[in-house]
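These notes are about the structure you will find just below.
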Amino acid sequence: MMLRRGFILFLPRLVGLLVVACCSVSIVYMLACTPKGDNQQLALPRVHGPTAKEGYEAILQEQEEQHHNYIISLKKQIAQLKGELQGRSEQLNNVRDQYPYPLDIRLDHSNPEKAQANLLAFLRSQIDKAEVHSGIKLSTEYAAVPFESFTLQKVYQLETGLTRHPEEKPVRKDKRDELIEVIELAVGSLNNPEGGGNAKDRVYTASDFIEGIYRTEKDKGTLYELTFKGDTKHQFKKIVLFRPFGPVMKVKNENVNIADTLINVIVPLAKRASKFRQFMQNFREMGIQQDGRIHLTVVYFGKEQLNEVKFILENTSKSANFKNFTFIQLNEEFSRGKGLDVGARFWKGNNVVLFFCDVDIYFTAEFLNSCRLNTQPGRKKVFYPVLFSQYNPSIIYGHRDSIPSLEQQLVIKKETGFWRDFGFGMTCQYRSDFINIGGFDLDIKGWGGEDVHLYRKYLHSNLIVIRTPVRGLFHLWHEKQCLDELTSEQYKMCMQSKAMNEASHGQLGMLVFKREIETHLHRQKLSSKKT
């Protein structure tokens, strides 16, 4: 009963709300549907006026014309877009016919003749695209691709790095073979000119070659211009050759799972407890916390600072709950090769990636993945990264108070360091490959030489050696001591490394001319006071 009475009392209110809602909708509908002119709202014809019907018909006709014109405009735009699309498609097809897509060349096994013709057309098109017959507009002077020059015996090059010289004999076999092939081809072209009806008595040889220049556009090919002696003193023969690069071809497409790939970081050490403390901070953050698939083997020589080093290692183990480490102590003279060899052979688990490391190295978690991805067991692949070596921060940043934190120093710029392309000590390889290659030469004592010896072993084998700069591996600056006990060759290598480590060419020059600079600044200061 109570529910029924409540419903009866609520019913009039509900009806009133519905009436108000209907009125509101009607008003909104009339406002929305009222016809408008171009600039102002059209007046509604009076319902009882004589022109009411004609007025509505005129309004409807006008709106119909507007819609009709709008539809015509849209159709014109669609037709125009279709025409442009068809034109672009024809242009694209013409380009494809002229320069066939590399995959068409590679995949069209059903028609070898067509594939060969397409490949030749593509290679010829590389000449047209390269800067051979005419120059191209460049944005800055740094965009120009420079030439390098060569003779029968020497190559004169701009990009020398630290292991090559401005003038040198071609050491790499591929570069040597390349230049020999080009000279022989040019000599053959001179002795067999195209369309030469009259045979000449002179026979050109490589001894007639004076010099050549060459440059490579990485996506197009290599241009060679060779100059030979002519018939007289002031006459020369010039041959222009071009080695076009072929289309890119897919070699492999595979999934690589490194989730269970463990890395054993082996560090040989003697004294240097403060450096080991810094190394363990890096190891804890990058190796333990971020990566987590890592083992540490420390091979310690001697007893001096032994307890301090052990304390640092045990403290990291407790605070980070890290148990994957091995500590080996040898009571003998420090030998880097011996320490790494002992650490590698001490491992008794499954085949593992070995990362030979030093205590003054900083690595990132990304580098550890690069270490995994660029090694392959079974005498297949080893990784020799080129690390970035830090200059002396006191020289780079001036006063010691202005030296930033270590993480802020780790930037790859020519003012802060250099690619250590003469160093081969930091390397990643599977333990099985290291054992099979014969390990280190244990007759080498002290500093240097053992890493180059191992590197040459790998080069003389059938393994692929991956040698590349990596952005996540740094050699931290430290003052280098070259001991008198080193052999003459080791001492020379040590001093060269010491000189390279201090600063860039420009920064060392500023130190050499420091007094002249200070004198100049002092004179400027005096002259400004007089004025």
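Summary table
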read-out	value
Positions within region 227-248 being of a type in the set (Phe, Trp, Tyr) and under 10 Å from Ile210 (Cα atoms), in sequence order	Phe228, Phe236
Selection count where residues are in a strand (DSSP E or B) and either farther than 18 Å from Gly292 by Cα or basic (Lys, Arg) (or both), scope region 315-343	5
Hits in region 500-518 (condition: assigned to a helix (DSSP H, G or I), of a type in the set (A, V, I, L, M) and surrounded by 11 or more Cβ atoms within 10 Å (Cβ to Cβ))	Met500, Leu508, Met510, Leu511, Ile517
Leading residue by the ranking (most open to solvent (accessible area, probe 1.4 Å)) among those in region 433-451 that are part of a loop (DSSP other than H, G, I, E, B) and under 30 Å from Glu159 (Cβ atoms)	Trp447
Residue match in region 365-374 (condition: in contact (Cβ under 8 Å) with a residue 24 or more places away in the chain, surrounded by fewer than 16 Cβ atoms within 10 Å (Cβ to Cβ), assigned to a helix (DSSP H, G or I) and of a type in the set (D, E, K, R))	yes
Residues located in region 242-273, provided they are at pLDDT 95 or above and assigned to a strand (DSSP E or B)	Ile263, Asn264, Val265, Ile266, Val267, Pro268, Leu269
Checking Cys494 against (1) touching a residue at least 40 places away in the same chain (Cβ under 8 Å); (2) in a helix (DSSP H, G or I); (3) in contact with a helix residue (DSSP H, G or I) (Cβ under 9 Å, 6 or more places away or on another chain), the condition it does not meet	(3)
Unique residue being assigned to a strand (DSSP E or B) and either in contact with a Pro (Cβ under 6 Å, 6 or more places away or on another chain) or closer than 18 Å to Val267 by Cα (or both) when the list is Leu454, Leu473	Leu473
Checking Tyr300 against (1) outside any strand (DSSP E or B); (2) open to solvent by less than 20 Å² (accessible area, probe 1.4 Å), the condition it does not meet	(1)
Close pairs from region 288-299: first assigned by the TED database to the domain that holds Tyr430, partner among the small types (Gly, Ala, Ser) and surrounded by fewer than 20 Cβ atoms within 10 Å (Cβ to Cβ), Cβ under 6 Å, at least 6 apart	Ile288/Ala320; Gln290/Ala365; Asp291/Ala365
Number of the condition not met by Met249 [criteria: (1) over 30 Å from Leu185 (Cα atoms); (2) open to solvent by 20 Å² or more (accessible area, probe 1.4 Å); (3) in contact (Cβ under 8 Å) with a residue 60 or more places away in the chain]	(1)
Flag for Cys482 being out of contact with any helix residue (DSSP H, G or I) (no Cβ under 9 Å at 6 or more places or on another chain) and surrounded by 13 or more Cβ atoms within 10 Å (Cβ to Cβ)	no
Meets criteria (assigned to a strand (DSSP E or B) and either not hydroxyl-bearing (Ser, Thr, Tyr) or not assigned by the TED database to the domain that holds Leu269 (or both)) for Ile312	no
Qualifying residue in region 337-346 (condition: within 22 Å of Lys457 (Cα to Cα), open to solvent by 60 Å² or more (accessible area, probe 1.4 Å) and within 32 Å of the chain's Cα centre (by Cα))	no
Among (1) within 23 Å of Thr427 (Cβ to Cβ); (2) of a type outside the set (Lys, Arg); (3) open to solvent by 90 Å² or more (accessible area, probe 1.4 Å) - the single one Thr261 does not satisfy	(3)
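Residues are listed down the side, and each one gets a yes or a no for (1) touching a residue at least 40 places away in the same chain (Cβ under 8 Å); (2) surrounded by fewer than 20 Cβ atoms within 10 Å (Cβ to Cβ); (3) not assigned by the TED database to the domain that holds Ala270:
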| residue | (1), (2), (3) |
| --- | --- |
| Gly378 | yes, yes, no |
| Glu415 | yes, yes, no |
| Arg431 | yes, yes, no |
| Leu459 | no, yes, no |
| Thr468 | yes, yes, no |
| Trp477 | yes, no, no |
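The values are calculated or read from the model by the stated rules, or taken from the named source; none is laboratory data. All values derive from a computational prediction rather than experimental measurement. Glycine also receives a Cβ, built like all others from the backbone with ideal geometry; neighbour counts cover every protein chain displayed. SASA here: full protein model, heavy atoms, side chains in, ligands and nucleic acids out. Shrake-Rupley method; radii C 1.70, N 1.55, O 1.52, S 1.80 Å.
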